[in-house]
Amino acid sequence: MEEIINKVDLSGIITLDLINYKPLKHEYAAFDLVPYLFKGYLLKEKVFRVDMIQIDWSQFTAKEVILYCSNDAIVPYWAYVLITSLLKQFTDRILCAEQENHEELIWIERIKKIDYKVFNDKKVVLKASTVVPAGLYVCATGYLMDQVQSLMWGEAGSPIMIYKKKKTIIH
């Protein structure tokens, strides 16, 4: 009986699957300012400050928190700064974004924090997925280009070559 050889393992190709960095719904919380605005549109400073102090911010412990306003109210930036100052003792992961971009914003922040040095002079394939937004691939590629020997797209068994570092010849 002939031994089966895994040519992908022998190739030295490392697969980077960005889906592994996708945030799960329970890992983050969204904080909408609208319920704390007068009639949903006007921020009254004294009332807002009292409301913010009364919130149990510990419910956000160790979560990624997205601050947003779900309507077109004009919220002064200091309101976001105040909320951040109250949240800071419970989490370092506070972002501000439009409601529809919550998950993608957290996802891209996670991709920025990958230790790309582990891909130094390696052959890397970015695993293709229709679930991963294009912007995330763009972000990861920007970081990978500084590290990799070669960058490919698709699957390790049949990748599409994207980039190959040119060898410099020293005279």
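Among the conditions (1) in contact with a Lys or Arg (Cβ under 8 Å, 6 or more places away or on another chain); (2) over 16 Å from residue 12 (Cα atoms), residue 140 misses just one, which is (1).
If the requirement is being closer than 26 Å to residue 112 by Cβ and modelled with pLDDT of 90 or more, which of these qualifies: 28, 41, 77?
On the way: 28 fails: modelled with pLDDT of 90 or more; 41 fails: closer than 26 Å to residue 112 by Cβ.
Sole residue among the options that is closer than 26 Å to residue 112 by Cβ and modelled with pLDDT of 90 or more: 77.
The listed residues are 143, 163, 77, and the only one of them that is touching a strand residue (DSSP E or B) at 6+ places or on another chain (Cβ under 8 Å), of a type in the set (Phe, Trp, Tyr) and at negative phi turns out to be 163.
Scanning segment 63-74 for residues that are of a type outside the set (Phe, Trp, Tyr) and touching a strand residue (DSSP E or B) at 6+ places or on another chain (Cβ under 8 Å) gives 63, 64, 65, 66, 67, 69, 70, 73.
So which residues in segment 53-73 are among the polar types (S, T, N, Q) and closer than 24 Å to residue 41 by Cβ?
The answer is 54, 70, 71.
Within segment 119-134, restricting attention to residues that are touching a residue at least 12 places away in the same chain (Cβ under 8 Å) and of a type in the set (Val, Ile, Thr), the residue that is surrounded by the fewest Cβ atoms within 10 Å (Cβ to Cβ) is 131.
The values are calculated or read from the model by the stated rules, or taken from the named source; none is laboratory data. All of these numbers come straight from a predicted model, not from anything done at the bench. Glycine gets a Cβ as well: all are built from the backbone with ideal geometry, and neighbour counts include every protein chain shown.
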